[in-house]
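Only one structure is covered here, and it is reproduced in the block below.
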Amino acid sequence: MKQKCIFCKERTKYLLSTKDYNRKKSNLEFQYNQCFKCKTINLVNIPNDINKFYKIDYHNTKDKKLILRDNKSKIQYLLNLNLKKKNAILDIGSGYGEFLYCAKVFGYKPEGFDLSTEIARYTLKNFNIKTHVGINIKDLKKKYNLITMWQSLEHFKNPKSTIKQLISKVKTGGYVILSLPNPSSLGFKLFKSKWPHLDAPRHLYLIKSQFLINLFLKNKYKLILKTSNDQDSKYNNRLSYSILISNLCSKKSFFNLSKFHRMFFSVMGLIIEKFLYYFENKNFQGSCYTLVFKKI
């Protein structure tokens, strides 16, 4: 199936076919192409009923103490920016609001942006934090000191438009943090269609970090940080190997296994992650990458 790249309008070529190995919602086959020029990887046959591949428990709800513990890496990113208290933060793809809650605890004024009205109600009820639903980013009434997208850009049907709108909503001197699956990762090179962070059909795009860097530099931003070796990436390295082994050994989704079996596969993932640690931390090959930009 031929298709032009959403970013640079160049031709794309067939890369691989895969299935929903992670959630096992269907047995459909999904095709990914890759752009000849910018190397963006895109899902060609996006399901019309894409929402069925997400469930309300797609992100698990947690106790507030666990939220703070599990988001230490994101909290550290936030604190390293030295934002002023009560500065405005927008988290795009905010889900159940874990990062929003963390930002609120540390004295900032966070808002969410998501597609789910039900999740927005959950965030308002449990954290008293507003989540924007049913509007475009460009229609938001104000600009922000920080906009974050933690593992969410790859879910958007039009990431080019999303980035363009995001760029316009940051105050001068403000920041953007993007975290995405890494198509240059060792895991993707080794496992191709079986790589868990391909996550078909939920991940519609895998975008090279350098392409995003060039895009932001052209729009009066400077790059503050580029890494695939932070704590979130290490966690996702381990998680990807846990899910991979589970997918190979079990007919059930890793997320639907018993606590014992999840623990077993998690230990196996940890062993593999330790074995491959040197290679994944060399030449930007972690499973995910994080970019931090400042608007100048």
For segment 1-101, which chymotrypsin sites (Phe, Trp or Tyr not before Pro) pass both filters: DSSP loop (anything but H, G, I, E, B) and at most 16 other C-beta atoms within 10 Å? Phe36, Tyr54, Tyr58
In the chain, what % of DSSP beta bridges are antiparallel (nearest 5)? 60 percent
Projected label distance in nm at Lys37 and Asn82, using a 7 Å step from Cα toward the beta-carbon: 4.0 nm
Looking at this model, which pairs from Lys189/Lys294; Lys13/Lys157; Lys2/Lys189; Lys52/Lys218; Lys24/Lys125; Lys13/Lys218 are more than 29 angstrom apart at the alpha-carbon? Lys189/Lys294; Lys52/Lys218; Lys24/Lys125
R0 = 25 Å: FRET efficiency of Ser258 with Leu124, Cβ-based, nearest 0.05? 0.15
The farthest towards the positive end of the charge dipole of segment 20-170, of the residues Ile135, Tyr21, Cys35, given +1 on Cβ of Lys and Arg and -1 on Cβ of Asp and Glu, is Ile135
Is there a quick way to get the dipole size of segment 34-147? I mean about its Cα centre, with the Cβ of Lys and Arg at +1 and of Asp and Glu at -1; what is the value in debye to the nearest 20? 560 debye
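Could you pull out the pairs from Lys169/Lys222; Lys62/Lys274; Lys164/Lys194; Lys9/Lys169; Lys9/Lys164 whose alpha carbons sit more than 21 Å apart here?
Values: Lys169/Lys222 16 Å; Lys62/Lys274 27 Å; Lys164/Lys194 32 Å; Lys9/Lys169 25 Å; Lys9/Lys164 16 Å.
Result: Lys62/Lys274; Lys164/Lys194; Lys9/Lys169 exceed 21 Å.
Rule-based calculations on the coordinates, nothing more; no lab input. For clarity, every value in this text was computed on a predicted model and none was experimentally measured. Positions of Cβ are generated from backbone atoms using ideal geometry, with glycine treated the same way; all protein chains shown enter the neighbour counts.
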